[in-house]
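First up is the structure itself, then whatever we jot down about it.
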Amino acid sequence: MKQFLLGRRLVGSWAAEQGVTLDDAAAVRLAETLASRDWNAPRAADDLDLSLLSFLILETAHRYYVQADKALKTCQSEGGRALYPASMLPERLADLAATLRFYDELPAMAASLPANGLASMQSLTNTLFAVLGAQFPEHMAEVHAQAMRDEVAEAVRSGYPRAAAHVPVYSPTHLEFVGAIEKTRCIFAPSGKYWGARDYDEARGLEANVRQFGEDLFRFMTVAGKEKFKGLAFRLPASFSRSIEQLAETTALLLDGLNRIDPAGSACLERVDDKPGWKFEWAGETMFLTAFGVCYPEDHPRNPYGFDYTYFFFQPDFVLRNHPGLIDGKEEISRQRILASFRKDGMDYDNAGKEAEHARYLRPMAADGPVVAWWDYLPSRQRQTVEPLAAAV
């Protein structure tokens, strides 16, 4: 149903403009309030509770990048009206509150990612929207306008204010990174689901910022497993990538800092070299990393697309390896398609001599240049007499 995907974007943008974006805690309170209503009673198309319900569904779907599923194709048919009765709303709203509460109350870090049997935002928001379509067709006919009414903004502002300073999908890092995604030649990037980490605080230093990022990474990885997110962006000042050597050392210091606070206690950095098969491990999971830096020219695939920042993009293997383009023997074909897309626009790169995945975290300036051995900059490998480049920033 196009109303869902369009509404997700419209309501998300409107909520940001009006200053009524939700966080998980506020969404829980709103869901529990709406769950207490009598949804079997007749309602006008502009009923405020209906409008708040539409706002909750679409704004939550925006924050969690929810896609439309088959429930929305059948909900307004005769069979759909029977499958999605109004009596479902209290229970499904309670389920929505339970999943959001789980995300909101995650520990900062733990030895492994928390597991649960709760329903996903994908399933819950689609089901709730299907009930709206099945049982309240007059409201659904003008659902976007109803969800973005002044009365809705006032009700949310007064009764369900956002308390969290950082909501990943509304973060400056996310909004800027999505702008870069829209420009990239990677054929799979535009369809991905991404979040942005908290802003780098230059007053606190690298170590404190890495710890803060570790907390964001742990939450992201927990959410990504259920909600099928693809990656988390971490934005640092441009000074961390003024040269390719600077970017290599920043990469080493970032991974070293994460490794030292790894809740699972991985010793992966003790054995990194240029051989294929090595993986960076954190919180019991392996992952891939892509570094973007201002040292790269505009026609380089690792240029941050005109933004004056250093970017690191983390992708856990449990989501990356489940991408349709990387399963069932399609990985090499997909890689060649991506390479061809970049090459068409004069942004060549070359994997010859870079068979190890971690040899691709950074790219050399020239497409056929040698591997940028970021691991040589790990603190454990640096001579004590040499001051680290990034530490002087």
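The values are calculated or read from the model by the stated rules, or taken from the named source; none is laboratory data. Predicted, not measured: the structure shown is a model, and the values here were computed from it. Glycine gets a Cβ as well: all are built from the backbone with ideal geometry, and neighbour counts include every protein chain shown.
The listed residues are Val294, Val393, Val386, and the only one of them that is touching a Ser or Thr at 6+ places or on another chain (Cβ under 7 Å), under 19 Å from Ile244 (Cα atoms) and modelled with pLDDT under 55 turns out to be Val393.
The set of residues from the range 120-157 being within 30 Å of Ile261 (Cβ to Cβ) and either modelled with pLDDT under 95 or assigned to a helix (DSSP H, G or I) (or both) comprises just one member, Met121.
Just one residue in the set Leu22, Leu53, Leu58 is at pLDDT 95 or above, touching a Leu at 6+ places or on another chain (Cβ under 6 Å) and not assigned by TED's automatic domain parsing to the domain that holds Ala224; that residue is Leu53.
Out of Ala98, Ala111, Ala86, which single residue is over 30 Å from Ala283 (Cβ atoms) and among the aliphatic types (A, V, I, L, M)? Step through it out loud before you land on a result.
Values: Ala98 fails: over 30 Å from Ala283 (Cβ atoms); Ala111 fails: over 30 Å from Ala283 (Cβ atoms).
Just a single option satisfies the conditions, and that option is Ala86.
Out of the residues in the range 103-113 that are loosely packed, with under 14 Cβ neighbours inside 10 Å and of a type outside the set (A, V, I, L, M, F, W, C), which is farthest from Leu22 (Cα to Cα)? Full working, then the answer.
Taking the range 103-113 as the starting set, the residues that turn out to be loosely packed, with under 14 Cβ neighbours inside 10 Å are 105, 107-108, 111-112.
Now narrow it down to the ones that are of a type outside the set (A, V, I, L, M, F, W, C): 105, 107, 112.
Working: Glu105: 16, Pro107: 20, Ser112: 28 Å.
Top of the filtered list is Ser112.
Evaluating His174 against the criteria (1) more than 15 Å from Val66 (Cβ to Cβ); (2) not assigned by TED's automatic domain parsing to the domain that holds Glu285 leaves one unmet condition, (2).
Can you report the number of residues in the range 165-177 which are surrounded by 14 or more Cβ atoms within 10 Å (Cβ to Cβ) and either assigned to a loop (DSSP other than H, G, I, E, B) or acidic (Asp, Glu) (or both)? Outline the logic, then answer.
Residues of the range 165-177 surrounded by 14 or more Cβ atoms within 10 Å (Cβ to Cβ): 166-171, 173-174, 176-177.
From what's left, either assigned to a loop (DSSP other than H, G, I, E, B) or acidic (Asp, Glu) (or both): 166-167, 171, 176.
The qualifying residues number 4.
Every listed requirement among (1) at pLDDT below 95; (2) surrounded by fewer than 16 Cβ atoms within 10 Å (Cβ to Cβ) is met by Ser87 save one, (1). Could you check the range 146-164 and list, in sequence order, the residues that are exposed (fewer than 13 other Cβ atoms within 10 Å of the Cβ) and under 28 Å from Met1 (Cβ atoms)? Answer for the range 146-164, where residues must be exposed (fewer than 13 other Cβ atoms within 10 Å of the Cβ) and under 28 Å from Met1 (Cβ atoms): Asp150, Glu151.
If you check Gly80, Gly117, which single one turns out to be surrounded by fewer than 19 Cβ atoms within 10 Å (Cβ to Cβ), part of a helix (DSSP H, G or I), of a type in the set (Gly, Ala, Ser) and assigned by TED's automatic domain parsing to the domain that holds Gly12? Walk me through how you get there before you give the answer.
Values: Gly117 fails: part of a helix (DSSP H, G or I).
Matching residue, one of Gly80, Gly117: Gly80.
Looking across the range 1-42 at every residue that is in a helix (DSSP H, G or I) and of a type in the set (Ser, Thr, Tyr), the one that is surrounded by the most Cβ atoms within 10 Å (Cβ to Cβ) is identified as Thr33. When the strands (runs of 3 or more DSSP E) confined to the range 178-290 are screened for residues that are modelled with pLDDT under 95, those reaching at least 1 such residues are found at 194-196, 231-237.
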